[in-house]
Amino acid sequence: MYKTEEKIHVANPPVRYFRNNPRWNNSIRGEVNYWTNLIKGTLSKTNKPLLIVTYEDIKSNTTREVFRMLDFLNVEYSAEEIIEKFKDDQLTMFKRPKVRDFDPYTPPQRDRVRIRLKQLSTSLHHKTMVEIIKRYLLEL
C-alpha cells in the first residue's frame, strides 16, 4: 500500500514513486535503523536462541537453509528424506513465476542498507552466536 497526493493505492507502486523521493529516502533511513535496533534490543533481552534466515539465502540455496532450520529446531531427519521432498512435485505449489526486476532503491540507498546489514550481521555473528551456543549447551 502506498499513498500519493491524490489517493491511497493497494498495489506495487511504480518505480518513479521511489526515485529521488525524499519521503522514501527518509523512510529507508528510519526503517533500517529501526530494524537494526529492534533486533539488537530483542537479542539483549532474551535468553532464547535466535536463527536469522533471509529470503535471499532461502532463494539461493533452499536445501541448505531447510537443513539449518531443522538443525536449529532439533528436528530429526534423514538427508535423503529431505532431498526427496525437494524433488517431489508437492513443492511446485510454492514456486512463483519470476517477476521482472524491481529495485526501488537508488545506489546510495542500496549502499546504506548494505552497510547497515553488514554491521548488524557482524555484530550478531561475533557477539551473540557464541552466547546463543553457550546458553543452548547450558540448558541441555
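A few comments on the model shown:
- Stretch gain in nm, segment Ile83-Thr122, where the contour uses 0.36 nm per residue and the Cα spacing is subtracted: 10.9 nm
- Local electrostatic count at Leu38 - Lys and Arg +1, Asp and Glu -1, tallied over other residues with Cβ under 14 Å: +2
Every read-out reported here was derived from the displayed coordinates using simple, explicitly stated rules and does not represent laboratory data. The shown structure was predicted, so the numbers you read here are calculated from the model rather than taken from an experiment. Virtual Cβ from ideal backbone geometry, glycine too; neighbours counted across all protein chains shown.
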